[in-house]
Every structure is written in structure tokens, then in C-alpha cells.
1. Work out the length of the dipole vector of the chain about its Cα centre, built from +1 on the beta-carbon of each Lys and Arg and -1 on the beta-carbon of each Asp and Glu, and round it to the nearest 20 debye.
2. Computed from these coordinates, which is P(r) over Cα pairs in 5 Å bins from 0, in percent: [x] 2, 9, 16, 17, 16, 12, 10, 7, 5, 3, 1, 1, 0, 0; [y] 2, 12, 25, 27, 22, 11, 2, 0; [z] 2, 9, 12, 15, 13, 12, 11, 8, 6, 4, 2, 2, 1, 1, 1, 0, 0, 0?
3. Which one, 113, 101, 6, projects farthest toward the positive side of the charge dipole computed for the chain from Cβ point charges (K/R +1, D/E -1)?
4. Work out from phi, with θ = phi - 60° and the Karplus expression 6.51 cos²θ - 1.76 cosθ + 1.60, the ³J(HN,Hα) of each residue of the range 74-91, listed in order in whole Hz, and give x for Gly and Pro.
5. What are the residues whose amide H is under 5 Å from the amide H of residue 81, where those residues sit 5 or more places off or on another chain and H is modelled from the backbone?
6. Any idea of the accessible area per residue across the chain, 1.4 Å probe, to the nearest Å²?
7. Carbon-plus-sulfur fraction of the accessible area of the chain, 1.4 Å probe, in percent?
8. By average Cβ neighbour count within 10 Å, what is the ranking of 23-36, 82-95 from highest down?
Amino acid sequence: MSNILVIEDDDIMLKAIRNILRKDGHEVLTAKDGKEAFEKLDNEQYDIVITDLMMPYANGLEVVSRLRSNTEKRHVGIIVCSSVGNEETITEAFRLGADDYLKKPIMAGGVMIRIRKLLGNWGSN
């Protein structure tokens, strides 16, 4: 299936998202902060990145910006996942190049619909 990087500093949320994606057959790597995320992004190729907004070292908006400014990684689908529901922050994430937004707490169905949409498998189960 696809190679997905999940960037989340909350262990419970990280494990929940990872389990949802693995259950659907995706290869999932994780990072707990912006620094670890940048290291993994520099050394691996991903189909999709799911990133929290608020985390140590670099926030999710910085991750989005860095991915979109890298010509070799612009194709990567980006989903921002956060409890921050402020319209200005969401708008900024989309302005920087995020493809979708998930508000926490997340639901498995919502995650999978977005993943399938980004991968072009919208009608798949």
C-alpha cells in the first residue's frame, strides 16, 4: 500500500492513528516532534504525511511549508490533524499547502476517507 509518516507528540493519539492506518494495510512510520519529522522527511519517501500542529521543535505549519518548498516532495499528500480549531490557523495550513484537515478527537472513518481520497482510492473499502 502506501508509505505514511505520522507526526504527533501525544503517544496515545500517535498509536491510535498508526493502528488505524496499519489495520488498513499501510506502512506507517512515526515522529514525535518536528526535529524527528524533518530527519525522517529528509531520509525517506512518503506518499502522505499526517502532522499535528502544536509540537516541540517545529510545528505542523513548518512541516507543511518545508514539504511544499521541496521540489522532490511537493507531491506528498498532507493532512493536518489538531485540536486547534481556530479558523485562522486552519486557513494558514491550507494556504501553505495542506490537502486536508482533521480536528481531534479523530475517528477512524474520517482518517481513512481522507487517506483514500489523497491516494485516489475514494471508492475503495
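The values are calculated or read from the model by the stated rules, or taken from the named source; none is laboratory data. Fair warning: this is a prediction, and the values are worked out from it, not measured in the lab. With ideal geometry, Cβ positions are generated from the backbone for all residues, glycine too; neighbour counts draw on all protein chains shown. The accessibility values were calculated without ligands, DNA or RNA, using every heavy atom of the protein model including side chains. Shrake-Rupley method; radii C 1.70, N 1.55, O 1.52, S 1.80 Å.
1. Here the size comes out at about 400 debye.
2. Checked against the structure: label [y].
3. Ranked along the dipole, the leading option is 113.
4. Here the 3J(HN,Hα) series is 4, 6, 5, x, 10, 10, 8, 10, 7, 7, 6, x, 6, 4, 4, 5, 5, 4 Hz.
5. Counting only residues 5 or more places away or on other chains, the set is 51, 52, 53, 102.
6. Per-residue value: 54 Å².
7. Answer for the chain is 48 percent, counting heavy atoms of protein chains only.
8. Going from most to least packed, we get 23-36, 82-95.
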